[in-house]
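Trainee: Would you mind keeping the following structure in view while I ask a few things?
The values are calculated or read from the model by the stated rules, or taken from the named source; none is laboratory data. Note that the coordinates shown come from a computational prediction; the quantities given were computed from them, not determined experimentally. We place every Cβ from the backbone using ideal geometry, glycine too, and count neighbours over all the protein chains shown.
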Amino acid sequence: MTKNSKFILNDPLIDEQHSALQDSLCALQALHDRHLSDEKVVDCLTRISHQLHQHFLSEEALMARVGVPADELAIHKNEHFRILEEMADLHYSIMRGHLSWVADVQHKISNWVSEHLRLFDAPIAPYINKANRD
């Protein structure tokens, strides 16, 4: 995953979290030739899981604060839950030895994050911009 300025939502905390998450995904990508049991890989995956959880809490609080309609917020929260469930399933698969290479895992996580940013986060930018103007 490469850094992409189109995912800047004009909220300092959210934008910093997106950047840190992208940095962690790039760090995971740099470990592409390692086995998933490698300590550096495990540390990186743990960091990404923690970042996702913290980010989703921050994002949900922001959405409520800037007036995202309740139905849109509920859909967004469900997507966060889905990603966290998939991340937990991924960790479980790793522990059971079903996945062996970082490239497989990095690809999955990057796709989840990229799709989420494009389909779910980008549409909340107008709410943030409106709140920043008011």
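Trainee: In the stretch 75-134, what count of residues is obtained for those that are surrounded by 17 or more Cβ atoms within 10 Å (Cβ to Cβ) and polar (S, T, N, Q)?
Mentor: 2
Trainee: Going by the structure shown, is Phe7 at pLDDT below 90 and of a type in the set (Phe, Trp, Tyr)?
Mentor: Criteria met by Phe7.
Trainee: Under 7 Å by Cβ, and 6 or more places apart or on different chains, what pairs join a residue from the stretch 108-134 that is touching a residue at least 60 places away in the same chain (Cβ under 8 Å) with one that is β-branched (Val, Ile, Thr) and assigned to a helix (DSSP H, G or I)?
Mentor: Qualifying pairs under 7 Å: Ile109/Ile48.
Trainee: Inside the stretch 42-58, can you point out the residues that are buried (at least 16 other Cβ atoms within 10 Å of the Cβ) and hydroxyl-bearing (Ser, Thr, Tyr)?
Mentor: Start the filter on the stretch 42-58 by keeping residues that are buried (at least 16 other Cβ atoms within 10 Å of the Cβ), which leaves 44-45, 47-49, 51-52, 55-56.
If the condition is that a residue be buried (at least 16 other Cβ atoms within 10 Å of the Cβ) and hydroxyl-bearing (Ser, Thr, Tyr), then Ser49 is the only one that fits.
Trainee: So, in the stretch 42-64, of the ones that are β-branched (Val, Ile, Thr) and in contact with a Leu (Cβ under 9 Å, 6 or more places away or on another chain), which residue ends up nearest to Leu21 (Cα to Cα)?
Mentor: Looking at residues that are β-branched (Val, Ile, Thr) and in contact with a Leu (Cβ under 9 Å, 6 or more places away or on another chain), I get Ile48.
Trainee: Which one is nearest to Leu117 (Cα to Cα) among residues in the stretch 67-101 that are part of a helix (DSSP H, G or I) and more than 17 Å from the chain's Cα centre (by Cα)? Please lay out each step first, then the result.
Mentor: At the first step, the residues of the stretch 67-101 found to be part of a helix (DSSP H, G or I) are 70-95.
Cutting the leftovers down to more than 17 Å from the chain's Cα centre (by Cα) gives us 70-72, 74, 92-95.
On the way: Ala70: 19, Asp71: 19, Glu72: 15, Ala74: 16, Tyr92: 25, Ser93: 25, Ile94: 25, Met95: 28 Å.
If we take residues in the stretch 67-101 being part of a helix (DSSP H, G or I) and more than 17 Å from the chain's Cα centre (by Cα), then Glu72 is nearest to Leu117 (Cα to Cα).
Trainee: Could you go through the stretch 8-16 and let me know if any residue there is exposed (fewer than 12 other Cβ atoms within 10 Å of the Cβ) and not charged (D, E, K, R).
Mentor: Yes.
Trainee: Of everything in the stretch 28-41 that's assigned to a helix (DSSP H, G or I), in contact with a Leu (Cβ under 9 Å, 6 or more places away or on another chain) and in contact (Cβ under 8 Å) with a residue 40 or more places away in the chain, which residue is surrounded by the most Cβ atoms within 10 Å (Cβ to Cβ)?
Mentor: Per the stated criteria, the residue is Leu28.
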